[in-house]
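Right, one structure below, let's go through it.
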Amino acid sequence: MPIAPTPRRIRFYLKKLEDALNAWEMMPATHSARNAVLLALLSKALYVSRAICTLVEKGFPAEAFAMSRTIFDIFFTVRYIGNKDTEARAETFVKFHAKIREHWATSIIPKFYPNIPPDQIKLAPDVIEAAKEFKHKGHWTAEGGQAKLMALEADPDELDANGNPVKDAFDYEALYYWTSQYVHVSVDALDAHATEAEQVFRVHSRKWVDEKRGNDALFNVVLVLCKIFARACRAMNEEQPEIVGKLFTEISNFVRQTQAQPSKPRKTRTKSKRSKRPFAPTCS
């Protein structure tokens, strides 16, 4: 019987992964961005995962699900950097900081903080030159649709069952899209907060609608962390920590646990039947 993949159990793996990274005693080379960037992304992935576990544990499943999109963003970045031209891409990733500083110094601060003296926000010449390499303040890859680009670029080292280079299409087209509904708060993310017909409004009155998103958020953590570590370790020419393989087994535990758990009974109202979904489509 598989053990339920609870936040506490996931945190056990997160601690083991953190210990494994620290045990490397790695000091990234000062002349190379590759390991410095990838290690920082691994660290961020672990801390975002820990935050997701806390949100689930404290009763915020939908919010945890929204945060799990960040894990996909980290994965796509690690994937893209490690796919090819790794050192050049890692350097570009770091250099994008100049574009961010430029946008603050030339757009945000002058517009919203006009009383700040210009000499206090003046950029160094090397920052100005570095910023010129980027066309847009939001795309370090210099391409629109950045997440799609990073997710769907063919993997030169891994092939699918048909012998074609692997692309993470499902992660981008399904899971990333799904979690994005909760990040951007589309109507699909409001079902638990909407008022049913002929009912008095109450904050988060349909809590049961969000319950399963907590398990989905934890699943995303397990699935994507395995991928992040696999890609990052390959790009750094490092062996994967053994705990990654054990974490991978939790994916099947999620599936078995979900199939084994009956749905929780919902509370019924005495005056009326449960109405249709508040935001149900009106067209046929």
Exercise for the section: Please work out which residue is farthest from residue 66 (Cα to Cα), limiting yourself to the stretch 180-200 and to residues that are surrounded by 12 or more Cβ atoms within 10 Å (Cβ to Cβ) and of a type in the set (Ser, Thr, Tyr). Expected result: 195
Exercise for the section: Please state which of the following conditions residue 227 fails to meet, knowing it meets all the rest: (1) assigned to a helix (DSSP H, G or I); (2) touching a Lys or Arg at 6+ places or on another chain (Cβ under 9 Å); (3) more than 20 Å from residue 47 (Cβ to Cβ); (4) not aromatic (Phe, Trp, Tyr). Expected result: (3)
Fill in the blank from the handout: Requiring at least 2 residues that are surrounded by 12 or more Cβ atoms within 10 Å (Cβ to Cβ) and touching a Phe, Trp or Tyr at 6+ places or on another chain (Cβ under 9 Å), the helices (runs of 4 or more DSSP H) wholly within the stretch 56-126 are 61-83, 86-103
Handout entry: Among the residues listed as 151, 169, the single one being without any contact (Cβ under 8 Å) to a residue 40 or more places away in the chain and over 16 Å from residue 278 (Cα atoms)
Key = 169
Fill in the blank from the handout: Of 195, 141, the only residue that is over 24 Å from residue 223 (Cβ atoms) and touching a residue at least 24 places away in the same chain (Cβ under 8 Å) is 195
Exercise for the section: Report yes if some residue within the stretch 170-179 is among the aliphatic types (A, V, I, L, M), exposed (fewer than 13 other Cβ atoms within 10 Å of the Cβ) and assigned to a helix (DSSP H, G or I); otherwise report no. Expected result: yes
Practice task
Tell me which of these residue 44 doesn't satisfy, since it passes every other one: (1) under 13 Å from the mean Cα position of the chain (by Cα); (2) surrounded by 17 or more Cβ atoms within 10 Å (Cβ to Cβ); (3) free of Cβ contacts under 8 Å to residues at least 60 places away in the same chain.
Solution key: (2)
Practice task
Output the qualifying pairs, or none if there are none: Cβ atoms under 9 angstrom, residues six or more apart or on different chains, first residue in the stretch 1-14 and within 15 Å of residue 223 (Cβ to Cβ) and part of a helix (DSSP H, G or I), second residue at pLDDT 95 or above and of a type in the set (Gly, Ala, Ser).
Solution key: 10/49; 13/49; 14/49
Exercise for the section: Out of the residues in the stretch 127-146 that are among the charged types (D, E, K, R) and in a loop (DSSP other than H, G, I, E, B), state the one that is farthest from the chain's Cα centre (by Cα). Expected result: 132
Fill in the blank from the handout: Across the stretch 172-192, the tally of residues that are more than 23 Å from residue 207 (Cα to Cα) and free of Cβ contacts under 8 Å to residues at least 24 places away in the same chain stands at 2
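The values are calculated or read from the model by the stated rules, or taken from the named source; none is laboratory data. The model shown is predicted, which means the values in this text are computed figures rather than measured ones. Heads up, the Cβs are rebuilt from the backbone with ideal geometry, glycines too, and the neighbour counts pull from every protein chain shown.
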